[in-house]
Amino acid sequence: MSSDSSSPELIVVGGGVIGLSIAWRARERGMSVTVLERGVTGRGTSHVAAGMLAPVAEVEFGEAGRRILELALRSAELWPAFAAALEAAAGAQVQLMRTGTLLVARDEDEARELERQIAFRDSLGLRAERLRPSEARAREPALAPTVRLAMQAPDDSSVDPRLVLAALRRACESSGVHLREHARVVRIESDSARRGRRARVTGVTIDSDGIEFVPGGLVVVAAGTWVEQIAGLPAEARVPVRPVKGQIVRLRDPDGPGLLSGSVRFGHGYLVPRADGRYILGGTMEERGFDTQPTAGAIHEVLREAHELVPAVSELEIEELSVGLRPGTPDNAPVIGPGALEGLMWATGHYRNGVLLAPLTAELVLGALAGGVPANPLLAACAPDRFAGPSARSLTESATPSEAAVS
């Protein structure tokens with residue numbers, strides 16, 4: 001076993017949109033940062049994401065849905081400034097498109113459900129406009145004449161995750177973040193608990209052309225679906241994260257942009273335009289473990305549904321089929337905040353909202369590292385110990401903010 005001669009102040013496990021956002025913002029604040037990515041930076045689930053920043057269109061019923069909504073609305077507010085700062089740091093565009101989201105009903109059953117969804121958003125004070133079929137087609141002429149009802153969420157937006165990831169990587173590298181690829185974290189290392197204090201993180205062990213120990217007193221786990229494969233944490237200190245398979249079709253219009261002006265959602269699917277004439281079509285949610293093979297049945301179904309609403313989709317060229325593994329928790333809300341080990345911070349379980357929640361996650365993590373846990377009530381909705389037993393919760397509650405911030 002070898003040891004890295006340098007010891008960063010912060011180790012970030014995972015080089016997706018969450019990990020890179022945290023690393024970039026931490027480096028801006030003067031911390032020395034190392035990102036450890038099991039594969040290639042920015043080429044995991046974030047790479048195939050649609051990039052919808054749609055808290056209004058995607059709000060769900062129930063207590064968990066409302067908790068996620070609060071997080072999503074706050075992060076959506078942060079995105080314009082986050083995008084501007086990132087573009088300035090990287091010297092590259094991320095294509096933030098503020099074009100809203102259109103939810104469309106194809107038949108009477110879907111129209112009744114959409115009426116319920118509109119009323120739900122009204123009850124929450126969210127901006128959502130009911131549109132007659134003619135009004136919907138006036139905004140999106142490519143829609144089929146069979147549309148029964150629509151709802152416009154004008155405050156929603158979208159971004160191109162591939163451009164965001166490229167910009168984050170450039171911003172990290174230019175600011176001095178150390179990016180290590182093909183460095184799979186196999187274990188979180190910690191010292192033994194002593195009387196009056198908890199065990200503390202001392203670094204991580206990685207597999208990168210051999211086993212290596214990377215020392216560090218602060219570790220942020222932003223490894224998405226792979227957190228369950230990292231050893232070294234006692235059972236009460238772990239968080240349950242499962243992979244949820246999503247199949248994506250990347251389409252291209254040879255005539256360029258213009259078929260759709262904004263994102264369109266239908267049933268469980270979506271069609272998201274890019275500024276260059278590409279379209280992201282997807283929406284499948286499959287409990288298939290770590291299976292990453294696209295299937296003909298799933299792709300056929302999303303293409304069929306999209307064609308029913310936007311017939312011209314059939315004329316687009318298929319550029320890519322891809323699969324992402326969304327990191328889901330039991331309540332599908334993210335896990336953000338201090339863990340049961342001193343120096344351990346969680347930033348995972350973002351499910352379908354990783355791109356949307358990236359700016360807020362970075363803000364919450366860095367605030368917690370600086371000792372701002374009690375000052376930010378948003379962390380309560382993401383508490384890592386909400387899935388643990390009483391013993392784990394008592395350990396977390398006994399920690400002071402400064403304990404998570406000491407390096």
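The values are calculated or read from the model by the stated rules, or taken from the named source; none is laboratory data. Just so you know, these numbers come straight off a predicted model, no measurement behind them. Here the Cβ is made from the backbone with ideal geometry for all residues, glycine too, and neighbour counts use every protein chain on show.
Points to keep in mind about this one:
- Of the residues making up region 61-106, those that are among the small types (G, A, S), assigned to a helix (DSSP H, G or I) and modelled with pLDDT under 95 are A64, G65.
- Criterion: assigned to a loop (DSSP other than H, G, I, E, B), closer than 30 Å to R148 by Cβ, at pLDDT 95 or above and in contact with a strand residue (DSSP E or B) (Cβ under 6 Å, 6 or more places away or on another chain) - qualifying residue of L260, L251, L271: L260
- Counted residues, region 53-66 - those being free of Cβ contacts under 8 Å to residues at least 40 places away in the same chain and either in contact with a Ser or Thr (Cβ under 7 Å, 6 or more places away or on another chain) or hydrophobic (A, V, I, L, M, F, W, C) (or both): 0
- Being surrounded by fewer than 16 Cβ atoms within 10 Å (Cβ to Cβ) and at pLDDT 95 or above holds for only one residue in P243, P311, and it is P311.
- Screening L69 against (1) in contact (Cβ under 8 Å) with a residue 60 or more places away in the chain; (2) crowded, with 18+ Cβ neighbours inside 10 Å leaves a single unmet condition, (1).
- Some residue of region 51-60 being surrounded by fewer than 19 Cβ atoms within 10 Å (Cβ to Cβ), modelled with pLDDT under 95 and not in a helix (DSSP H, G or I): yes
- Set side by side, the residues G44, G30 differ, and just one is free of Cβ contacts under 8 Å to residues at least 40 places away in the same chain and either closer than 28 Å to G216 by Cα or assigned by TED's automatic domain parsing to the domain that holds W226 (or both), which is G30.
- Selected residue [of a type in the set (D, E, K, R) and out of contact with any helix residue (DSSP H, G or I) (no Cβ under 8 Å at 6 or more places or on another chain)] from E58, E28, E37, E63: E63
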